[in-house]
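Have a look at the structure below, then the notes.
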Amino acid sequence: MSKAITFSEYGAPEVLRPSEVAPPEPAPGQVRIRVRAASVNPLDLKIRSGLLAKAAPARFPVVLGLDAAGVVDAVGEGAGAAVGDEVLGAAVGGSYAEYALLERPVAKPAALSWEVAASLVTVGETASRVLRQLGVQAGQTLLVHGAGGSVGAIAVQLAVARGITVVGTVGEHAVERVTGLGATAVRYGDGWAERVRAAASEGVDFVFDASGAGVLADSVALTGDSAHVMTIADMSAAEHGVRFSAGGADQSEDALPQLVRLAAAGELDVPVWRTYPLDEAAAAHRDIETRRAKGKAVLLP
């Protein structure tokens with residue numbers, strides 16, 4: 001048996017409890033890893049709280065976790081890694097555990113810490129996917145809502161590196177950091193649209209909403225075309241004619257290896273705010289819910 005963090009009812013972070021579970025067995029194409037780090041994502045909190053219960057009812061008990069990094073200790077037929085390899089990737093069946101399954105493992109360079117490796121997966125692939133779906137090009141202007149968050153900050157860096165002019169809405173604490181990433185930082189809150197217009201004198205071509213802060217109507221007005229606005233966080237997207245981007249079949253298999261190379265080379269900053277022992281998963285959830293976290297929260301089994 002091995003340890004995992006599970007929950008058997010929807011509720012507050014306290015429903016997360018250490019449990020003894022059988023280590024998962026890899027199916028064909030999968031590898032099992034001894035988890036060295038697992039990152040916590042906002043989606044985990046939505047699943048745990050029951051916010052997504054109608055759309056995707058849980059089958060209790062549930063092991064949360066989308067991302068993991070660790071050492072391969074078992075492989076299925078045709079797996080993309082060998083026993084002993086250090087890898088990272090998207091977890092199948094949860095990653096808040098001593099062992100997890102990965103379907104498309106990516107090699108972890110020695111220069112990449114376990115914490116950053118686990119933190120990069122979902123947020124990096126999400127930022128990369130939305131930029132691709134929007135089709136924003138060098139010389140155009142992109143507005144990123146929530147530019148100080150984990151997804152937003154990566155989107156800023158990827159866009160700036162491609163010659164895109166970036167304006168980002170941020171809280172006071174993130175102004176200096178987002179400016180340092182090459183964007184023009186604009187404080188969110190009342191009057192944000194006017195401040196963006198002043199900062200982007202030639203207009204805004206596209207908007208990436210990573211905040212879900214009720215900014216879609218004004219974002220459409222800024223671009224003049226709802227097709228130029230995309231959100232990953234606002235469930236009212238359809239009411240505004242805006243696309244909601246979710247993972248799945250439209251994920252590029254090349255995105256994560258490219259992100260790993262950039263991070264290992266020091267060309268992509270993935271801020272890890274704090275690490276927690278696996279047993280303190282509930283504390284990590286509380287810190288994110290109360291907006292204490294200023295970067296990725298990572299569990300260390």
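Report yes if some residue within region 119-138 is charged (D, E, K, R) and at pLDDT below 95; otherwise report no.
Within region 119-138, none of the residues are charged (D, E, K, R) and at pLDDT below 95.
Anything in region 84-132 that is over 17 Å from ARG261 (Cβ atoms) and among the β-branched types (Val, Ile, Thr)? List them, or say none.
VAL92, THR122, THR126, VAL130
Given the conditions (1) touching a strand residue (DSSP E or B) at 6+ places or on another chain (Cβ under 7 Å); (2) at pLDDT 95 or above, report the number of the one that GLU103 does not fulfil.
(2)
Return the residues of region 191-219 that are within 20 Å of ALA127 (Cα to Cα) and not in a loop (DSSP other than H, G, I, E, B); say none if nothing qualifies.
Of everything in region 191-219, those that are within 20 Å of ALA127 (Cα to Cα) and not in a loop (DSSP other than H, G, I, E, B) turn out to be PHE206, VAL207, PHE208, ASP209, LEU216, SER219.
Taking the residues in region 98-119 that are in contact with a Leu (Cβ under 6 Å, 6 or more places away or on another chain) and not charged (D, E, K, R) as candidates, determine which candidate is surrounded by the most Cβ atoms within 10 Å (Cβ to Cβ).
Here the answer is ALA117.
For VAL215, are the conditions met, namely being in contact with a helix residue (DSSP H, G or I) (Cβ under 6 Å, 6 or more places away or on another chain) and either in contact (Cβ under 8 Å) with a residue 60 or more places away in the chain or surrounded by 15 or more Cβ atoms within 10 Å (Cβ to Cβ) (or both)?
no
Go through region 76-97 and count every residue that is outside any loop (DSSP other than H, G, I, E, B), surrounded by fewer than 24 Cβ atoms within 10 Å (Cβ to Cβ) and not hydrophobic (A, V, I, L, M, F, W, C). Walk me through it before giving the result.
Initially, region 76-97 is screened for residues outside any loop (DSSP other than H, G, I, E, B), giving 86-92, 97.
Among the residues that remain, those that are also surrounded by fewer than 24 Cβ atoms within 10 Å (Cβ to Cβ) are: 86-87, 90, 92.
Pick out the ones that are also not hydrophobic (A, V, I, L, M, F, W, C) and you get 86.
Number satisfying all stated conditions: 1.
Just the residues that are more than 21 Å from ALA117 (Cα to Cα) and basic (Lys, Arg), please, taken from region 1-48.
LYS3, ARG17, LYS46, ARG48
Residues to consider are GLN251, GLN258; find the one that is at pLDDT below 95, of a type outside the set (A, V, I, L, M, F, W, C), within 19 Å of the chain's Cα centre (by Cα) and over 22 Å from VAL170 (Cβ atoms).
GLN251
Which one is surrounded by the fewest Cβ atoms within 10 Å (Cβ to Cβ), of the residues in region 10-31 that are more than 19 Å from ARG59 (Cβ to Cβ) and of a type in the set (A, V, I, L, M)?
Going through the qualifying residues, I end up with ALA12.
Would you say GLU115 is among the acidic types (Asp, Glu), closer than 21 Å to PRO23 by Cα and at pLDDT 95 or above?
No: the conditions fail for GLU115.
Can you tell me which residue is surrounded by the fewest Cβ atoms within 10 Å (Cβ to Cβ) among those in region 149-164 that are within 15 Å of TYR188 (Cβ to Cβ) and within 13 Å of the chain's Cα centre (by Cα)?
GLY149
Table: residues versus (1) of a type outside the set (A, V, I, L, M); (2) over 19 Å from ARG48 (Cα atoms); (3) not in a helix (DSSP H, G or I).
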| position | (1), (2), (3) |
| --- | --- |
| ALA238 | no, yes, no |
| ALA246 | no, no, yes |
| GLU253 | yes, yes, yes |
| LEU262 | no, yes, no |
| GLU267 | yes, yes, yes |
| ARG274 | yes, yes, yes |
| ALA282 | no, no, no |
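Any chance region 228-241 includes a residue that's assigned by TED's automatic domain parsing to the domain that holds LEU64 and touching a Lys or Arg at 6+ places or on another chain (Cβ under 8 Å)?
For region 228-241, residues assigned by TED's automatic domain parsing to the domain that holds LEU64 and touching a Lys or Arg at 6+ places or on another chain (Cβ under 8 Å): absent.
Mind checking which residues of region 96-121 are β-branched (Val, Ile, Thr) and either within 15 Å of LEU268 (Cα to Cα) or outside the structural domain of GLY76 (by TED's automatic domain parsing) (or both)?
We begin by selecting, within region 96-121, every residue β-branched (Val, Ile, Thr); these are 106, 116, 121.
The answer is VAL116, VAL121.
Of the numbered conditions (1) in contact with a Ser or Thr (Cβ under 6 Å, 6 or more places away or on another chain); (2) under 25 Å from GLY171 (Cβ atoms), GLY295 satisfies every one except a single condition; which is it?
Against the list (1) in contact with a Ser or Thr (Cβ under 6 Å, 6 or more places away or on another chain); (2) under 25 Å from GLY171 (Cβ atoms), GLY295 comes up short only on (1).
Identify, please: which residue in region 168-185 is among the β-branched types (Val, Ile, Thr) and surrounded by fewer than 24 Cβ atoms within 10 Å (Cβ to Cβ) and is, among those, nearest to ALA138 (Cα to Cα)?
Narrowing region 168-185 to residues among the β-branched types (Val, Ile, Thr): 169-170, 175, 178-179, 184.
Pick out the ones that are also surrounded by fewer than 24 Cβ atoms within 10 Å (Cβ to Cβ) and you get 175, 179, 184.
Numbers: VAL175: 24, THR179: 19, THR184: 16 Å.
For region 168-185, the residue satisfying everything is THR184.
The values are calculated or read from the model by the stated rules, or taken from the named source; none is laboratory data. These numbers were taken from a predicted model, which means no experiment stands behind them. Because the Cβ atoms are built from the backbone with ideal geometry, glycine has one as well, and the counts that use them run over all protein chains shown.
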